[in-house]
Amino acid sequence: MTSTDTGSTTGVRGPVTRARRSARSVLSVRSVRRVPGAVLVLAGALSPWASVVLPGGAYPDLATLHLFDAPHLVTGFRLHLVLLGLAALLPRAARPAGAGVLIIAFVHTAFLAALGAVSFGGPVALAGGALLVWQGRREPAPRWPLPGRAVVWPALAAAFAGLLWLVSATLTAGGQSRATNPHGGAEFLAFLGFAVALLGILSAYGVLAWLSALAERHRTFSVAVLLGCAMLLPLTGAGTGYWMTVASTIGVYAATAIGLNIVVGLAGLLDLGYVAFLGIGAFTAANLAHTVPFPVAALAGAVAAGLLGVVVGAPTLRVRGDYLAIVTLAFGEIFFRAAQNDLGGLTGGANSIPGIPPITLFGQAFDRPVGALPAGFLYYALTVLMVAGAMAVLANLKHSRTGRAWLAISADEDVARAMGVHTGRAKILAFLVGATLAGLAGAVFAHKLGTVGYESFDFSESVTLLAAVILGGMGTVPGAVVGASLLFVLPEKLREFSDYRLMLFGLALILIMRLRPKGLVSS
Amino acid sequence: MLEVEGLAVAYGAIEAVKDVTFTVEEGRIVCLVGTNGAGKTTTLRAVSGLLRPHRGEIRFLGRPIHHLPAHTVLALGIAHCPEGRRLFTGMTVEENLMLGAHLRRDSEIAKDMLRVYELFPVLGERQGQRAGLLSGGEQQMLAIGRAVMARPKLLMFDEPTMGLAPIMIQRILDTIALLRDQGTTVLMVEQNALAALTLADHGHVIDLGRTTLSGPGRELLADPRVRSAYLG
Amino acid sequence: MATLAQQLVNGLVLGALIGLIALGYTMVYGIVQLINFAHGEVFMAGAFGAHFAYLRLLPAGTPWYLALPVMTGAAVAVSVAVAVAMERWAYRPLRGAHKLAPLITALGVSILLQEVVRVFYPGATAPLAFPRAFAGGSLTLGPVLVLWTGVLAVVVAPLLATGLHLYVERSRLGRAMRATAQDPDTARLMGIDPDRVVLATFVIGAVLAGAGAVLYGVHYTQIDTAIGFQNGIFAFTAAVLGGIGSIRGAMLGALCIGLVKSLAGQYAWGGAQYDYVWVFVLLILVLMFRPQGFLGRPEGVRA
């Protein structure tokens, strides 16, 4: 929202004049149309939100909804509404802010309605949000020039610090579980609405594009700062053992999804049994856990998965497209059945493999706290490194000779072959690399959970991973991480909707393919 | 009968037809000539609705048709006998002819089929055979027969003589002339400019996606520019 | 010996039922080159439609010979409605899109339908009992016991397949289907509306799946939301095995699958717990070494 200042400090003409023009248009007649919407949003935010149930009703805890403390203390989602209402006065911000208001107001109104309470602020804010979306202008985002070094580092550091805040706040939004906070799911969804609005406003002003161009140019610095920021997560509100565990679980799936992204996103080979690679890594490590140190077990898991990857990849020499998808599905099912029936006594069958010791390196067990840092921090740090490593692998492969071969294959295999690409070798390599990554993730998965059972590797997990890759954007470097974070955080946060989880995934797959086939982060 | 005006058609970023304008008058044979890749086939595909023009207009019997989907264009009376014949090779000769008459619900289909067999007796002999087993010339006859079965007002031929022996070429061209004499209007595309312009009442030269010359067939044949460019 | 004969009969019945689903796969793939993953769910939805009709529409104690036609009607209606909806709203907008898009959409449709039924159909979170026809009577052939419902399946499935074969060969719409399968552009030049042909194909597949669902239900007397996916995979395997696009091939392939599953469950290593695995192994081998199937040639719908 201060992008006008950013523009003028850089002192370059084009965007500045445009920024001035838009500053003037705040006052123009056309822009006055935004005002009623913004006023409604503010009015809604400051009105009472519930009438009957509280505070003596069935849910005394709902006092945390900040229902009756207005107008003295506007916090939580109502603070977000106030902020968005103010932001909506900026011309480009009206649409994204309105969309965020709609989400926040809808979630809380619906939640209160489900409790039998009448919300006064809700409908008002909803009307304001709708008005803003309707009246807001959709314009191409302005482009900002890339500044000199003096500005770059602080700008990037600030951006990543903001990202850290956003991640931490999203992760902790709505609290830990239903038991302590019955409306956690609603709070979380509402916060997502706020986050979406923030990102939308930044994007409408070209700030996101500017930052990503900046990060692209100063890649090493960005990666270092990003990693540093990730390691700082334990110092934020998310710094408890619980959130560390959630974050590291997400990390495991993110690393796996990156592996899948190599196979599907880069090489264009649809794999519907991918979770088997995670499984074989986990089972291998679980079987070796008591006999060898973790690095050896992890290596063994990765190698075992890599070998399976070659086996699954071998049919690609003869089978293509849709048929290949079915072959991978068949391999996945065979793996699942074998694990379910405790093939060779290696998987524990229905009993699973319990009692896998935590990773221990240099005498430090990973599930214990280190100094002031919360328990689970070491697993978190390990998965951050793993994800970073996987992203590096993906990014390097994407721009390598092999990556170009994969792209050629996914565009048109016959043409690729005619151009001299060793298609067979390239396709098997894709499976090998992807599976190895998944196997490594599986080894961490086994140690972190302490128990590995076949149920973790059924078809719906493969679908979830695929959905993560598609949602994030096939073939993009951050895509799989964004997708995996969303898809594995949501069920954690929305336990009350856990019955609908797969249904929503199915719907999401259909809608994404129809509306945004390139995913959220498109290259 | 057919008016094409300022037509432009693109495949993705490549504009194959840039500015094509011509008319086809009822009862005539009109021929589009030009080199390979000039945009002749693209023009025909746009008329029959397989491609959607991004500029220009196509009118048939005074009615704009360039926005219509392909399967509705035949019902208006335009049949398209496509390049490379495109028979349904897995089906019999008779089934191919029946598909030509797919939209018709009248009782004269059987009669028309007999007419096709009269026109091309060899098809009658082979009515139960798979179309893929016919020779090149026979396949072209079947393609023409299939198009005729729709009882079109305007019949479009795309390279009807391609890959045929000289004697067969003459036979096909004679058939086209016969169809015209029986009242069907013909729009055809040919690379073989000499044969086509000899036959045609009117010709249009398409070059790099634009109509450059038009005139009665014999006049075009005599035009030195046409002679040097297409007749060698 | 008796065991072998019994397993052959079991395999035959399963094959007949899978064959009815396989016809839908083979028809749709033949025309739009789409593996309609969700076709198994069309079958599943049909089974639940029949179950609903039995529980809610028919008075308790309706004799099976009256119930069966009503249930079949309900199953077919539900199956057709589901198939038409998915074609119209999920697949049709994707014509000409990126090649993975329809397949991923099919996956999404499959999951969505399974979950919708599981969550919203009363009691569908666990397997549901399905009424048995013929009062559970059976035919005894020497040492082999065949339920009358099995006999029904083995009789009806080939009849329906033959009917479909004749329809595709002889009817005007069947001819349009074959033309569209072989060359969609030229078919349009014949005045054939591809959207209508594709929709008709989905409808035909759904009718067969709905009929198959009732036969499946009355024979195995238990349905759950997973039957669509499992049998759908088997049916797809059958369609590929027989040569995709071929009606006779689909039935032949289904017969093979049925026999492999029941014989492997009895005789192969691992026993009944691994019978699915052998079907999947067969699937992989077929796709690798004979993707055109027994009767397949690399072109569209043929009889």
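Readers should treat all values here as calculations from the given coordinates under stated rules, not as data from a laboratory. Keep in mind the model is a prediction, meaning the values are calculated, not measured. Neighbour counts run over all protein chains shown; Cβ positions are idealised from the backbone, glycine included.
Specify which residue in the list C:Gly136, C:Ser110, C:Tyr29 is farthest towards the positive end of the charge dipole of region C:20-227, using unit charges on the beta carbon of Lys, Arg (+1) and Asp, Glu (-1), about the Cα centre.
C:Tyr29
Which stretch or stretches of region B:4-44 have amide N atoms under 11 Å from the point lying 7 Å from B:Arg59's Cα along the Cα→Cβ direction?
B:4-5
Please list C:178-191, A:420-433 highest first by mean number of surrounding beta-carbon atoms within 10 Å per residue. Don't jump to the answer; show the numbers that get you there.
Values: C:178-191: 23.9, A:420-433: 20.1.
Those peptides, ordered most packed to least, come out C:178-191, A:420-433.
Evaluate Rg over Rh across the protein assembly as shown, taking Cα atoms for both radii and Kirkwood's formula for Rh. Working shown, then result.
Details: Rg = 33.6 Å, Rh = 33.1 Å.
The Rg/Rh ratio comes out at 1.02.
Let me know the charge dipole size of region C:65-214 about its Cα centre in debye, to the nearest 20, where only the beta-carbon of Lys, Arg (+1) and Asp, Glu (-1) is charged.
On the way: 12 positive and 7 negative charges, 29 e Å.
In total the dipole reaches around 140 debye.
Expressed as a rounded percentage, what relative contact order does region C:20-227 have, with Cα pairs under 8 Å and six or more residues apart?
Working: 279 pairs, mean separation 83.6, N = 208.
Across region C:20-227, relative contact order equals 40 percent.
Quick check: net charge around A:Arg417, other residues with Cβ under 12 Å of its Cβ, Lys/Arg +1 and Asp/Glu -1? Please list the in-between numbers first.
Values: positive: A:Arg320, A:Arg425, A:Lys427; negative: A:Asp412, A:Glu413, A:Asp414.
Its environment carries a net charge of 0.
With a length cut of 18 Å (Cα positions projected on each helix's long axis) and a Kyte-Doolittle mean of at least 1.0, go through chain C and give me the DSSP H helices that pass. Write out the running numbers ahead of the final one.
Working: long enough: C:2-32 (44 Å, 1.60); C:39-52 (20 Å, 0.63); C:64-86 (32 Å, 1.89); C:100-120 (30 Å, 1.72); C:148-170 (33 Å, 1.23); C:194-220 (38 Å, 1.30); C:227-242 (22 Å, 1.37); C:247-267 (30 Å, 1.08); C:275-289 (21 Å, 2.55).
Both cut-offs are met by C:2-32, C:64-86, C:100-120, C:148-170, C:194-220, C:227-242, C:247-267, C:275-289.
Per q in 0.12, 0.15 Å⁻¹, report the Debye log10 I(q)/I(0) for chain C, using one uniform scatterer on each alpha carbon and no solvent.
Calculated log10 I(q)/I(0) at the listed q: -0.76, -1.18.
If only Cα atoms are counted, what is the Rg of region A:245-515, and what is its Dmax, in Å?
Spelled out, the Cα radius of gyration and Dmax of region A:245-515 are 18.1, 60 Å.
What is the mean number of Cβ atoms from other protein chains located within 10 Å of the Cβ atom of each residue in peptide C:86-99, rounded to a whole number? Provide the component values of the computation, followed by the final result.
Working: counts 1, 0, 0, 2, 5, 1, 0, 4, 4, 0, 0, 3, 6, 7.
Neighbouring Cβ atoms belonging to other protein chains average 2 per residue here.
Can you list the DSSP H helices in chain B whose Cα atoms extend at least 27 Å along the helix axis and whose mean Kyte-Doolittle hydropathy is -1.0 or higher?
none
With just the Cα atoms defining each centre, how far is region C:100-168 from region B:1-52? Give it in Å.
After rounding, the separation between the Cα centres reads 53 Å.
Let me know the shape class of region A:355-451, please: from the alpha-carbon gyration tensor, a ≥ b ≥ c as square roots of the eigenvalues, rounded when a/c is under 1.5, otherwise prolate if a/b is greater than b/c, or oblate. Don't skip to the answer; put the middle values down first.
Values: a/c = 4.86, a/b = 2.91, b/c = 1.67.
In terms of gyration-tensor shape, prolate.
Given B:Ala13, B:Gly137, B:Cys81, which one lies farthest toward the positive end of the charge dipole of region B:2-231, if we put +1 on the Cβ of every Lys and Arg and -1 on the Cβ of every Asp and Glu?
B:Ala13
Rank by packing, highest mean first: peptides C:266-274, A:261-269, with packing defined as the count of other Cβ atoms within 10 Å averaged across residues.
Numbers: C:266-274: 14.0, A:261-269: 28.7.
Put in order of decreasing packing, that is A:261-269, C:266-274.
Taking the highest mean first, how do the peptides B:156-168, A:239-251 order by number of other beta carbon atoms within 10 angstrom per residue? Please report the intermediate quantities before stating the final value.
Working: B:156-168: 18.5, A:239-251: 20.9.
Ranked from most to least packed, the peptides come out as A:239-251, B:156-168.
How about A:Lys427: which aspartates and glutamates have a C-alpha closer than 16 Å to its C-alpha, ignoring those fewer than 8 places off in the same chain?
Reachable aspartates and glutamates: A:Asp271, A:Asp322, A:Asp412, A:Glu413, A:Asp414.
Magnitude of the Cβ-charge dipole of region C:168-239, K/R +1 and D/E -1, about the Cα centre, nearest 20 debye?
So the dipole magnitude of region C:168-239 works out to roughly 260 debye.
What average number of partner chain Cβ atoms lie no more than 10 Å from the Cβ of the residues making up C:112-118? Intermediate values should be presented prior to the final figure.
On the way: counts 9, 2, 4, 10, 4, 1, 3.
Shielding by partners across C:112-118 averages 5.
So what's the projected area for region A:479-519, the Cα convex hull averaged over all directions, in nm²? Walk me through the intermediate numbers first.
Working: hull surface 11.4 nm².
Average of the hull's projected areas for region A:479-519 equals 2.9 nm².
Set the bar at 29 Å for Cα to Cα. Now go through B:Lys153/C:Lys99; A:Lys493/C:Lys99; A:Lys448/A:Lys493; B:Lys40/B:Lys153; A:Lys398/A:Lys493; A:Lys398/C:Lys99 and name every pair that lies beyond it.
Numbers: B:Lys153/C:Lys99 39 Å; A:Lys493/C:Lys99 34 Å; A:Lys448/A:Lys493 20 Å; B:Lys40/B:Lys153 20 Å; A:Lys398/A:Lys493 33 Å; A:Lys398/C:Lys99 21 Å.
Going by Cα-Cα distance, B:Lys153/C:Lys99; A:Lys493/C:Lys99; A:Lys398/A:Lys493 fall outside the 29 Å limit.
What number in nm² do you get for region B:57-178 if you take the convex hull of its Cα atoms and divide its surface by four? Present the calculation step by step, with values, prior to reporting the outcome.
Values: hull surface 31.8 nm².
Taking the Cα atoms of region B:57-178, their convex hull projects to 7.9 nm² on average.
For peptide C:277-284, what's the mean number of Cβ atoms from other chains within 10 Å of each residue's Cβ? Before the final figure, lay out each step's value.
On the way: counts 9, 1, 3, 10, 3, 1, 8, 11.
Partner Cβ neighbours, averaged per residue: 6.
Could you work out the mean projected area of the convex hull around the alpha carbons of region A:293-385, in square nanometres to one decimal?
Numbers: hull surface 34.3 nm².
Its Cα hull, projected and averaged over all orientations, spans 8.6 nm².
From the gyration tensor of the Cα coordinates in region C:1-63, what semi-axes in whole Å does the equivalent ellipsoid have, largest first, with each one equal to sqrt(5λ)? Before the final figure, lay out the partial values.
Values: eigenvalues 141, 127, 11 Å².
The answer is 27, 25, 7 Å, longest axis first.
Report, ordered by chain and residue number, the aspartates and glutamates lying within cross-link reach of B:Lys18, taken as a straight Cα distance under 13 Å and ignoring same-chain residues fewer than 8 apart.
B:Glu5, B:Glu57, B:Asp207
For an R0 of 60 angstrom, estimate the FRET efficiency from the Cβ-Cβ distance between A:Ala169 and B:Asp174 and round to the nearest 0.05.
Values: r = 82 Å, r/R0 = 1.37.
After rounding, the FRET efficiency stands at 0.15.
List the relative contact order of chain B as a percent without decimals, with contacts defined as Cα pairs under 8 Å and 6+ residues apart. Don't skip to the end; give the middle numbers.
On the way: 463 pairs, mean separation 65.9, N = 232.
Relative contact order, chain B: 28 percent.
Report the calculated FRET efficiency for C:Asp185 and A:Leu235 (r = Cβ-Cβ distance, R0 = 51 Å), to the nearest 0.05. Walk me through the intermediate numbers first.
On the way: r = 63 Å, r/R0 = 1.24.
Using R0 = 51 Å, I get an efficiency of 0.20.
Using the Cα centre of region A:381-523 as the reference point, and only Cβ charges (+1 on K/R, -1 on D/E), how large is the resulting charge dipole? Debye, rounded to the nearest 20. Please list the in-between numbers first.
Working: 13 positive and 9 negative charges, 104 e Å.
Dipole magnitude for region A:381-523 comes out near 500 debye.
Quick one: of the DSSP bridges fully inside region B:2-231, what percent are antiparallel, nearest 5? Before the final figure, lay out each step's value.
Working: 21 of 40 bridges.
The antiparallel proportion sits near 50 percent.
Using the C-alpha gyration tensor of region B:2-231, what are the square roots of 5 times its eigenvalues, in whole angstrom, with the largest one first?
On the way: eigenvalues 158, 84, 50 Å².
They are 28, 20, 16 Å, listed from largest to smallest.
Report, for the protein assembly as shown, the % of DSSP beta bridges that are antiparallel, rounded to 5.
Details: 31 of 51 bridges.
Of the beta bridges lying entirely in the protein assembly as shown, close to 60 percent run antiparallel.
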